[in-house]
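Enquirer: Dropping the structure in here first, questions after.
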Amino acid sequence: MKKEHFLQSEGFKTVAASVLSILIGLAVGSIVILIVGLTSPNLSLSSAWDGIRIVFGGLFSTGRDASGTLTWGFNPTNIGNMLFRAAPLIMTGLSVGMAYKTGLFNIGAPGQYLIGTLVSLSIALGLPSETMSTTLIWLLAFLGGTLAGAIWGAIPGLFKALLNINEVLACIMTNWIAANLVTWLFDISNFKNVTESTKTGYIYKTTYNGVATAKMGLDKLFPNSQVNGGILIAIVFAVAVYVMMSKTTFGYQLKACGANRHAARYAGIADKRNIVISMAIAGGLSAAGASLYYLSGNTEFFWSTYQSLPAIGFNGIPVAMLASCNPIGIIFTALFMSMLDISGLQLTNLTAYNEYITNVIIAVIVYLSAFSLVIKMWIGKLGKKKDDGADANAEPAPAAASAPAGAQAETEKGGDAK
């Protein structure tokens with residue numbers, strides 16, 4: 001049996017395609033920085049070099065010294081902020097990736113995220129902390145937001161299962177319905193920040209009611225940052241989704257419906273029910289990401305959402321695609337995207353560039369991740385050529401070694417008789 005070459009293994013091709021997409025994206029971003037630096041009168045080659053270094057290692061930038069030179073080292077604040085930003089990205093990435101594994105494209109993550117925000121903030125700010133434990137309020141807010149997102153996500157699933165309406169169209173509709181619904185309900189609520197005159201367009205932080213996500217000791221490791229236990233909760237969710245999809249009968253049924261719902265129905269699997277459940281789980285994951293972000297106690301929600309959808313809902317798509325929708329891989333791609341966010345902020349604070357250059361990098365990575373199948377095929381062809389070259393250069397086995405042992409024994413016996 002011919003042994004499969006390492007370059008042809010599916011795992012290697014998946015990882016290599018993602019890494020190659022990231023490297024090309026970073027290279028394109030560096031070229032953009034260089035071109036802008038050389039063509040702008042207020043920039044120079046040295047400032048372009050500073051920008052490129054920040055894009056690659058902004059997480060470890062510690063500012064500038066007295067002479068204006070960039071300094072580098074362990075920066076717990078940047079790392080903690082990266083972990084904080086990664087938590088909701090992991091959840092929206094899981095939302096998109098889990099649905100994609102079951103044959104559905106959940107572009108409704110922004111709307112589900114908004115519904116989760118609405119319900120979790122309403123519970124966290126509406127329940128009286130004077131008579132209830134703030135831990136209990138946090139738990140109810142998190143579970144309530146997650147459940148609301150699951151219900152909202154089930155709506156496109158019902159349209160798909162019962163009426164065979166494409167889930168993308170249904171998700172787009174529910175996105176904008178959610179945006180206007182959230183704006184209207186917060187507009188008539190008592191949760192608008194009226195104590196700070198400059199922030200009347202924002203909802204109170206949950207700390208206004210004494211509710212905040214537990215730090216779980218992470219604030220000691222990463223002082224002066226926004227980090228809290230949300231990143232640990234998101235990682236637990238990622239592991240749970242991986243186990244569910246890869247190690248359980250229920251996960252197999254969901255994937256079977258995604259592969260071919262008619263064949264799944266013939267095999268006795270309730271395809272319509274599983275489509276609805278899949279979209280409900282996806283909606284719950286996205287809403288849980290919103291709950292983790294806004295229940296942290298240090299973030300504010302701008303309630304006028306009818307004109308735009310939260311970018312983090314859409315950012316779950318490249319996070320999932322870059323990880324080939326693997327729940328464990330989504331953890332690392334979300335961390336990478338969060339690192340680019342931190343690099344963008346460092347780019348704005350420490351150079352004359354702005355953070356939108358990191359958006360260019362993310363856009364290139366998104367496009368390349370969409371072509372990951374082509375990249376995998378190209379890597380597979382390289383591995384096949386290497387295998388063919390190795391076979392051509394292999395020396396033929398000696399004739400004596402290839403002869404049966406019995407024949408050698410007979411020859412030896414004949415020689416003794418003579």
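Enquirer: Using protein chains only and a probe of 1.4 angstrom, how many square angstrom of Phe74 are accessible, to the nearest 10?
Expert: 130
Enquirer: Expressed as a rounded percentage, what relative contact order does the range 1-153 have, with Cα pairs under 8 Å and six or more residues apart? Provide the component values of the computation, followed by the final result.
Expert: Working: 100 pairs, mean separation 17.6, N = 153.
It rounds to 11 percent for the range 1-153.
Enquirer: Something else now. Between Phe74 and Ala259, what is the FRET efficiency for a Förster distance of 41 Å, r being their Cβ-Cβ separation, to the nearest 0.05?
Expert: Working: r = 46 Å, r/R0 = 1.13.
It comes out at approximately 0.35.
Enquirer: While we're looking at this one, here's another question. Just reorder Ser40, Ser46 by solvent-accessible area, largest first, 1.4 Å probe, all chains present. Kindly include the intermediate steps, with their values, before the conclusion.
Expert: Working: Ser40 30, Ser46 75 Å².
The ordering from most to least exposed comes out as Ser46, Ser40.
Enquirer: How much of the accessible area of the chain, probe 1.4 Å, is carbon plus sulfur, in whole percent?
Expert: Working: 13480 of 20570 Å².
Here it works out to 66 percent.
Enquirer: In the neighborhood of Ile231, defined by Cβ-to-Cβ distances under 15 Å, what is the net charge if each Lys or Arg adds +1 and each Asp or Glu adds -1?
Expert: +1
Enquirer: So, taking all protein chains as they sit and a 1.4 Å probe, how much accessible area belongs to Glu130, in Å² rounded to tens?
Expert: For Glu130, solvent-accessible area is about 150 Å².
Enquirer: Helix-derived [θ] at 222 nm for the chain: sum -39500 (n - 2.57) over DSSP H runs of at least 4, divide by residue count, nearest 500? Could you put the intermediate results ahead of the total?
Expert: Working: 17 runs with 291 residues, N = 418.
Mean residue ellipticity at 222 nm (helix-derived): -23500 deg cm²/dmol.
Enquirer: Which order do the peptides 330-337, 233-240 take when ranked by the mean count of other beta-carbon atoms within 10 Å per residue, highest first? It would help to have the intermediate numbers written out before the result.
Expert: On the way: 330-337: 24.0, 233-240: 17.6.
The peptides rank, most packed first, as 330-337, 233-240.
Enquirer: Do any of Lys199/Lys220; Lys101/Lys247; Lys101/Lys160; Lys160/Lys255; Lys160/Lys247 go past 19 Å between their Cα atoms, and which? Don't skip to the answer; put the middle values down first.
Expert: Numbers: Lys199/Lys220 30 Å; Lys101/Lys247 14 Å; Lys101/Lys160 16 Å; Lys160/Lys255 16 Å; Lys160/Lys247 26 Å.
Exceeds cut-off: Lys199/Lys220; Lys160/Lys247.
Enquirer: Moving to a separate point now. Which chymotrypsin sites (Phe, Trp or Tyr not before Pro) does the range 88-146 hold that lie in a coil by DSSP with at most 16 other beta carbons within 10 Å? Numbers along the way, then the final one.
Expert: Values: sites: Tyr100, Phe105, Tyr113, Trp138, Phe142; in loops: Phe105.
Sparse-neighbourhood loop chymotrypsin sites (Phe, Trp or Tyr not before Pro): Phe105.
Enquirer: Another question about this same structure. Identify which of the listed values of Cα extents along the principal axes in Å was calculated from the structure shown: (i) 72, 61, 41; (ii) 113, 68, 40; (iii) 67, 62, 58.
Expert: Correct label is (ii).
Enquirer: Indicate the helices, whole DSSP H runs only, in the chain that combine a mean Kyte-Doolittle hydropathy of 1.0 or more with a Cα extent along their long axis of 24 angstrom or more. Numbers along the way, then the final one.
Expert: Values: long enough: 10-39 (44 Å, 1.93); 76-101 (36 Å, 0.58); 109-126 (25 Å, 1.23); 134-163 (43 Å, 1.57); 167-187 (29 Å, 1.15); 230-247 (25 Å, 2.21); 271-294 (35 Å, 0.61); 327-350 (34 Å, 1.35); 372-393 (32 Å, -0.46).
Both cut-offs are met by 10-39, 109-126, 134-163, 167-187, 230-247, 327-350.
Enquirer: What size of dipole, in debye to the nearest 20, comes out for the chain about its Cα centre when the only charges are +1 on Lys and Arg C-beta atoms and -1 on Asp and Glu C-beta atoms?
Expert: Working: 26 positive and 20 negative charges, 137 e Å.
Here the size comes out at about 660 debye.
Enquirer: If you don't mind, another one. With every protein chain present, what is the per residue accessible area of the range 76-351 (1.4 Å probe, Å²)?
Expert: In whole numbers, the range 76-351 has 41 Å² accessible per residue.
Enquirer: Let me check against my output: what whole-number percent is the relative contact order of the range 76-351, with C-alpha pairs under 8 Å and at least 6 apart? Walk me through the numbers before you get to the answer.
Expert: Values: 541 pairs, mean separation 113.9, N = 276.
For the range 76-351, the relative contact order is 41 percent.
Enquirer: Please compute the net charge surrounding Ser338, taking Lys and Arg as +1 and Asp and Glu as -1 over other residues with Cβ under 14 Å from its Cβ. Can you show the working numbers first?
Expert: Details: positive: Arg85; negative: Asp341, Glu355.
Net of charged neighbours comes to -1.
Enquirer: Next up: Separation of the range 134-150 and the range 69-133 by C-alpha centroid, Å?
Expert: If you average the Cα positions of each part, the centres end up 13 Å apart.
Enquirer: Taking all protein chains together and a probe of 1.4 Å, list Leu94, Leu218 from the most accessible to the least accessible.
Expert: Numbers: Leu94 0, Leu218 20 Å².
Descending accessible area places them as Leu218, Leu94.
The values are calculated or read from the model by the stated rules, or taken from the named source; none is laboratory data. Predicted model only: the values in this text are computed from it and were never measured. Cβ sites come from the backbone with ideal geometry, for glycine too, and all protein chains shown count toward neighbours. Each accessible area value is taken on the protein alone, full model and side chains, heavy atoms only, with ligands, DNA and RNA left out. Shrake-Rupley method; radii C 1.70, N 1.55, O 1.52, S 1.80 Å.
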